[in-house]
Amino acid sequence: MTQGTFALWVYLSRTPLLWLTVTLVAYLVADWISARTSRHPLANPVLHAIWSIDALLLATGTPYPTYFEGAQFIHFLLGPAIVALAVPLYEHRDTVARAAVPMLVALLVGSIVAMGSAVLIARAFGAPPGVLIALAPKSVTAGVAMGITEALGGDPALTAVLVILTGITGAVVVTPLMNRIRLRDFRARGFAVGLASHGIGTARAFQVDQIAGTFAGIAMGLNALLTAILVPLALALLVR
Amino acid sequence: MLFALTIILTCQLVGEVLVRGSGLPMPGPVIGMVLLLAILAIRGRFLPSTTVAEEAGSLETTSRGLLAHLSLLFVPAGVGVIEHLDVFATYGLALAASVVLSTVAALLATAVTFVAAARWFRAPGEEA
């Protein structure tokens, strides 16, 4: 029996089916809790799905590459989903076009603050230049951020971790923060979370409001471009 | 559904090719999004909006389906954080402080600037 169970485990743990299903179940549970708490920021489904799967991987001694063989089918959909952002963008095109000037000004200010403050704070805490390079593009969607770090001689794996942590932080913090300063413009709230916290922030914005989600998607795209241009400049100024 | 998915994937594919070919610092899917936006705009020009409405499997419903659980799509990459947690052993405090404080700063700076700029430069036709 134990032998049989073990054989079954050996088989299952190697097929993509198991970890694909685990990812879906963990997310559905996390999303159900999020819905039950009327989308409370602390009940962020990404955050809770991630740590519960990590706990399961640790408990079963499963290496991440084995997990990813199953989870890659979900991961793949990330690209098409970003393309699909064109649909809400097109639907709200009039609202978006009217906000062109505020968007561009906020993009410039937000992008500089996101990069500059990250580097300055870490430097104040004594982080070495190598770490500062990996940190600078943390607000940008992972693929681009890793590319920026790599081009500047930093560690892209560290950047990937920082990007995800930044995404989750922004997604959790944005609602209470904006309520605190009584900022109710969903265009501004969405744009801010997309700029500061890329796709994970955009997902949070869509949970709250369609307009917020649309503006978050735009901010994510624009900030990827601007950060790639500004990071080398910022590092030249701030890393000495 | 199949047709819509094919259009979306084609946009992404062309986006990836353009990015790789030009060395543009943009993710391929973001270029794909711009392409899909262009397709929607062209279609909107030549087809009255009633004919492209909400039939099942349209670009609209397929895209909404993909976006409905956007959060889910970040889980597989997020789980990978566990592989690199060792870097936090050395610079944990610096990185944690930087990520949290700088994210808050970026959120505030962006949102406040947006609202201020929207007030300063009111688009023509918008009431004060």
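Read the figures in this text as sums done on the coordinates, not as results from a lab. If you're wondering where the values come from, they're calculated on a predicted model, not measured in any experiment. Note: ideal-geometry Cβ built from the backbone for every residue, glycine included; neighbour counts use all protein chains shown.
Structural remarks
- Efficiency of FRET from Cβ geometry, B:Arg43 and B:Leu18, R₀ 25 Å, rounded to 0.05: 0.75
- Segment A:1-74 versus segment B:63-85: alpha-carbon centroid distance in Å: 12
- The mean number of partner chain beta-carbon atoms within 10 angstrom of a residue's beta-carbon across peptide A:107-120 is 5.
- Förster radius 35 Å - calculated FRET efficiency between B:Val100 and A:Thr2 (Cβ-Cβ, nearest 0.05): 0.15
- Comparing B:Phe74, B:Phe114, B:Phe46 in a Gaussian network model of chain B where C-alpha atoms under 10 Å apart are linked, the largest mean-square fluctuation is found at B:Phe114.
- The H on the amide N of A:Asp185, modeled in the peptide plane, is under 5 Å from the matching H of no residue at least 5 residues off or on a different chain.
- Residues of segment A:107-135 falling in the label zone of A:Leu152, defined by backbone nitrogen less than 14 Å from a point 7 Å along Cα to beta-carbon, are A:111-123, A:128-135.
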